[in-house]
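Right, one structure below, let's go through it.
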Amino acid sequence: MLLPGLSCFLLHVAVAFATELTFELPDNDKQCFYEELDRDVTFDIDFQVISGGNYDVDCFVTDPQNNVLYNERKKQYDSFSHTTAMKGVYKVCFSNEFSTFTHKIVYVDFRHGDERPLLEHMSSSTALTQLESSCVAIHEVLKVVADSQTWYRLREAHDRTKAEHLLERVTYWSMGETFLLFVIGVGQVMLLKSFFNEKKGSVVATT
């Protein structure tokens, strides 16, 4: 299981070989996750920044000998796949150290190894019955549905965050305009009042 270097919120564990999680990455901070893998195991990483700043984050992956396998900076989302060349602990890190005041919400999907067959006797060379073939087809369709739902949830969370930020900016702008109109209105009233006071004073002086 993927072990976080710092606290995180575990959302969903799909199967024994996959982990999905969403965590908060504070400003000027870095969080790393560790996974022990055997040799010749393929793992896949998908990540996306849901909210915060410019929706970008630094990400890098290292092998047990600290060789950098993946290193990208200020990415909003990306995918990475790799087949291990040695057994050991692999590290996946996300960094927000370039940001001074905005924290990020990051979604990560980590998968490794081959998916277990639906039936114990099932293999690539096994002849399947019609019922077993139907079960496999339904299983594949459900996986596509699950991936689509995850993608739509991420898009919904991303768009909702943008809408909330836009609403906040519009609210502040409206408050500023209201205050400015109030100040201008009061200023105009005071200016007109001063005109009448000056005229009245000049008339009294003439009399």
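The values are calculated or read from the model by the stated rules, or taken from the named source; none is laboratory data. For clarity, every value in this text was computed on a predicted model and none was experimentally measured. All Cβ positions, glycine included, derive from the backbone under ideal geometry; neighbour counts span all protein chains shown.
Here is how the numbers come out for the structure above:
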item	result
Qualifying residue in the stretch 59-79 (condition: closer than 30 Å to Leu166 by Cα, more than 12 Å from the chain's Cα centre (by Cα), surrounded by 18 or more Cβ atoms within 10 Å (Cβ to Cβ) and of a type outside the set (Gly, Ala, Ser))	yes
Subset tally (residues that are of a type in the set (Ser, Thr, Tyr) and modelled with pLDDT under 50) for the stretch 1-35	1
Some residue of the stretch 107-122 being over 16 Å from Leu21 (Cβ atoms), surrounded by 12 or more Cβ atoms within 10 Å (Cβ to Cβ), at pLDDT below 80 and under 26 Å from the mean Cα position of the chain (by Cα)	yes
Asp159 at pLDDT below 80, closer than 25 Å to Lys74 by Cα and surrounded by 10 or more Cβ atoms within 10 Å (Cβ to Cβ)	no
